[in-house]
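Notes to accompany the following structure.
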Amino acid sequence: MKVSGFSFIRNAVLCDYPIVEAIRSILPLCDEVVVAVGKSEDETLNLVRSIHPSKVRVLETVWDDNIREGGQVFAMETDKAFQAIAEDADWAVCIQGDEIVHENSLDKISQTMAQWKDEKDVEGLLVDFTHFYGSYNYVADSYDWHRREVRIVRNDKSIFSYGDSMGFRKRPNEKLRVKQSEGMVYHYSYVKPPDKMMAKARAMHKLWHDDRWIQQELGNAAVYEYGNIGSLKVFTGTHPQVMEERMKRQNWTFNFDVTKSRMRLKYRVRKFIETTFGVNVGEYRNYKLIE
């Protein structure tokens, strides 16, 4: 079984993306990793090249900054990397610049890929997500965050990155038929120093909104205000080993009173139904789960 990894990144240093940790987290699964590195204003290109010179292959790209709707550029860059993976790969593992695969789930992911390698009806594999917010101590527990998504796809070039690259579909526009891999991805998108978080927020909003909207919403603020969040819970598990050194460098403080959750009413109702009956009503699924 041959496995390729793929990712995309730009301005990883300026926006403090854990791209090194992200790529390192999937290296044990992959024979190669293709990273589409967009032209950056920092040392992102050299940073990616230094991760594993014999295993990580860089694809230099230029982002289309004229596309400022729906985060479509993310999907375009994901597709560039996917199209460049080895032709004889069986599976392709996608990792984004702020996602880390926990090492405790690597064996299960590998076993699941081997199990379904020759079952062509299985077009992708799901992974579970844990979303961190504010610091490494708190995780999201509302339904604003996706619980799972497709991060492993068959090496079928009719598969494409969908929307803002949250998941994948198959041309012309079909949801993938998938199995659960029991893999766990830790998502650190909102865990950065407040100044780096603001730099990332500005860069992200440029892919969705015009300059006037950004000025109205963010003004001239230099740091990100983490307080605007409705509901979190304390994290009690273990972080991936590749994140240990980064966690030691945390130089900001974020605290949240989990007893004063402000989860919206419709989400509280969904939480009650899920807790009581084990049914997640209204969950968005950009895939067809094969039971």
Selection from region 64-92 of residues touching a Gly at 6+ places or on another chain (Cβ under 8 Å), crowded, with 20+ Cβ neighbours inside 10 Å and not aliphatic (A, V, I, L, M) yields GLU77
Restricting attention to region 228-246, which residues are surrounded by fewer than 14 Cβ atoms within 10 Å (Cβ to Cβ) and of a type in the set (A, V, I, L, M)?
-> VAL234
Is at least one residue of region 169-188 free of Cβ contacts under 8 Å to residues at least 60 places away in the same chain and touching a Ser or Thr at 6+ places or on another chain (Cβ under 6 Å)?
-> yes
Can you name every residue in region 92-138 that is outside any helix (DSSP H, G or I) and of a type in the set (Gly, Ala, Ser)?
-> ALA92, GLY97, GLY124, GLY134, SER135
If we keep just the residues of region 139-160 that are out of contact with any Gly (no Cβ under 8 Å at 6 or more places or on another chain) and part of a strand (DSSP E or B), which is farthest from GLU283 (Cα to Cα)?
-> PHE160
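FYI, it's all coordinate maths here, none of it is from the lab. Everything numeric in this text was worked out from a predicted model, so none of it was measured. Note that we place each Cβ from the backbone using ideal geometry, even for glycine, and neighbour counts take in every protein chain shown.
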